[in-house]
Amino acid sequence: MLSRPGKGDRVSGLWIGNKTPSVVVIDPAGAEAARRNAGDSALLLSVFQTGDSVAARDRSAPHFLTFNRSDDSNRVQDILTALAFLKQEGAPDLRVVGTGKAAVWAFFAAAVAPIRVLADSPGAAFTGSDQDFIDQLFVSGIQRAGGLKAAEICARLP
C-alpha cells in the first residue's frame with residue numbers, strides 16, 4: 001500500500017521481483033490483471049476504482065465534479081504516487097505501461113510527472129477528441145489545458 005504524507009490517499013498493488021522495479025504496470029481490471037504484462041521486476045497497481053480497489057462512490061450529488069476529482073484524475077494521481085515512491089527508492093529509468101484504457105492514464109501520468117518517465121503513446125484508439133476524453137480520460141478542463149497535444153509535448157521533454 002502506497003500513500004503520500006498528509007494526503008490520505010492509498011494505492012494498492014503488487015511488487016514483483018527482489019529489486020526495486022523501474023516499471024509500473026496498470027490494467028483497467030487491477031493489479032492481478034496487470035501481471036500478464038509484467039516482466040521479472042515490476043510494480044503492478046490497482047489504481048482508483050480498479051481491481052480490488054473498487055468501492056461504492058456516491059456521485060449523485062448535484063455538481064459532484066465541482067468539488068470532487070473524477071475517477072480518471074484519481075487514477076492518474078495514483079500512478080504519480082507510485083512513480084514518486086519508486087524514484088524515492090532509487091529506481092532508475094522509470095517506465096509506466098498501461099494496457100487497454102489504462103494506456104491513456106499511464107501516458108498522461110508520465111506527461112505530468114515531475115521526473116522523467118517513459119510511456120508508450122495511448123495508441124490509435126485515443127485521438128484526443130472531446131469524445132475520447134469523455135469516454136477514456138474524463139478530467140474537467142483538460143482540453144482547455146492543451147489536451148493530447150500538450151501531453152505529447154510534455155512527454156518528449158528531457
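Select, from 4, 75, 69, the only residue that is part of a helix (DSSP H, G or I), surrounded by 13 or more Cβ atoms within 10 Å (Cβ to Cβ) and either among the aliphatic types (A, V, I, L, M) or on the phi < 0 side of the Ramachandran plot (or both). Residue meeting the stated conditions: 75. Return the residues of segment 108-153 that are surrounded by fewer than 15 Cβ atoms within 10 Å (Cβ to Cβ) and part of a helix (DSSP H, G or I); say none if nothing qualifies. Passing the criteria: 130, 131, 134, 135, 149, 153. Within the option set 93, 27, 9, being in contact (Cβ under 8 Å) with a residue 12 or more places away in the chain and surrounded by 15 or more Cβ atoms within 10 Å (Cβ to Cβ) holds for one residue only, 27. Of all residues in segment 65-99, exactly one satisfies the criterion of being of a type in the set (Gly, Ala, Ser), more than 16 Å from residue 114 (Cβ to Cβ) and touching a strand residue (DSSP E or B) at 6+ places or on another chain (Cβ under 7 Å), namely 98.
Scoring residue 52 on the criteria (1) touching a Ser or Thr at 6+ places or on another chain (Cβ under 8 Å); (2) outside any helix (DSSP H, G or I) leaves a single failure, condition (2).
Every read-out reported here was derived from the displayed coordinates using simple, explicitly stated rules and does not represent laboratory data. Just so we're clear, the structure is a prediction, and the values are computed from it rather than from any experiment. A quick note on method: Cβ atoms are made from the backbone with ideal geometry, for glycine too, and the neighbour counts reach across all protein chains shown.
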